[in-house]
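Taken together, the values in this text are just the output of simple stated rules run on the coordinates, not laboratory data. None of these values were measured; they are calculated from a predicted model. As a convention, Cβ positions derive from the backbone with ideal geometry for all residues, glycine included, and neighbour counts pool all protein chains shown.
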Amino acid sequence: MSEVWLLRIGILVAGLLLVAAIYFFGRPSKPGQGTRKPREPRDDARREPTFSERLDAGGADAGNAAEPLSQADMFGEPARTATPGADAGRRVSEEFDKIVTLYLAARAGEKLHGPDIVVAAEKAGLVYGYMSVFHRLDEHHPERGPVFSVANIMKPGSFDMADIQSLQTPAIAFFLTLPAPVPALDAWEAMLPTAQRMAELLDGVVLDEQRNALGRQRVAHIRDELRAYDRQREAPPLSKPGRW
C-alpha cells in the first residue's frame, strides 16, 4: 500500500472522529443536566435548637417583649424609673468590677409565666423591689443592697406586676455584681442553689453565662475565680518602697 493511500485513510479516520465529537458534544442538554441539585435535608441530621434560637422564637410572639436583654441594659442606665418607695435591693454604689450571671431557661417549646415566677421567687426567699425585679438581701444588713438579683431576660428586664398575669418569657437572669454586701464566694453559694430551686419549681434548666448547661466543672471554676477575687480584696495594699 502506497504512502498516499495511508495518508488518505488517516485523514478519513480523523474526519469520522471529528464528526462523532461534534454530534456528541453538540446535543441539547436535558433539563437540569450539568447543574448541582441542592442536597435534601436528612431526617437524622435534625438538632435541638440553641438557647439563642429559643430566645428569638420566644420573643416573636411574646406581647411584653421585643428583644433579649443585654448586659449593657442590665447593668447600665436604668431602663425605667423604680416605683416610689420600692427601694429594696438598690445598690449603695453603681460601680462594680465583676459580674457573674446564670440563666434559668424554659424547656424547648415552653415559656416561663409571670405568676409562676412570682410564686417561685417568694418560695426561694427573694423580695420584689428596686427596678421592679427580685433580689436576695443580706438578712442582717438589707440596707447594703442586693446579694444578687433576678431580672427578666427580655427588655426592659422588669417584672411589671400590673401585667404579671400575661407575662411570658423564655428565660430569667440571675446576676451577681461585685463587690457585693457579702464575700463573693458566699454570694455565689446563695445564688446557685436559689437558681436550682427555682428551676425545679418552674421546670426549667440552669445555664451558665454562655447559655450552656451548667456542669460541675464550670461550677468549680466559678468557685475558684470568686475565691481568688475574695483573697485579692482581702489582701492589704502593697506599701511603697522607702528611699535609701
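Once you have the Cα-Cα distance between Ala213 and His141, take 0.36 nm times their residue separation minus that, and quote the gain in nm to one decimal.
22.6 nm
Rank by packing, highest mean first: peptides 129-139, 98-108, 211-221, with packing defined as the count of other Cβ atoms within 10 Å averaged across residues.
129-139, 98-108, 211-221
For the pair Glu225 and Ala108, how long in nm is the line joining their label points, each one 7 Å along Cα→Cβ?
The modelled label-to-label distance comes out at 2.8 nm.
Scale the Cα Rg of region 85-234 by the rule-of-thumb value 2.2 N^0.38 Å and send over the ratio, two decimals.
That works out to 1.01 for region 85-234.
Points 7 angstrom from Cα along the Cβ direction at Glu95 and Met161: gap in nanometres?
3.4 nm
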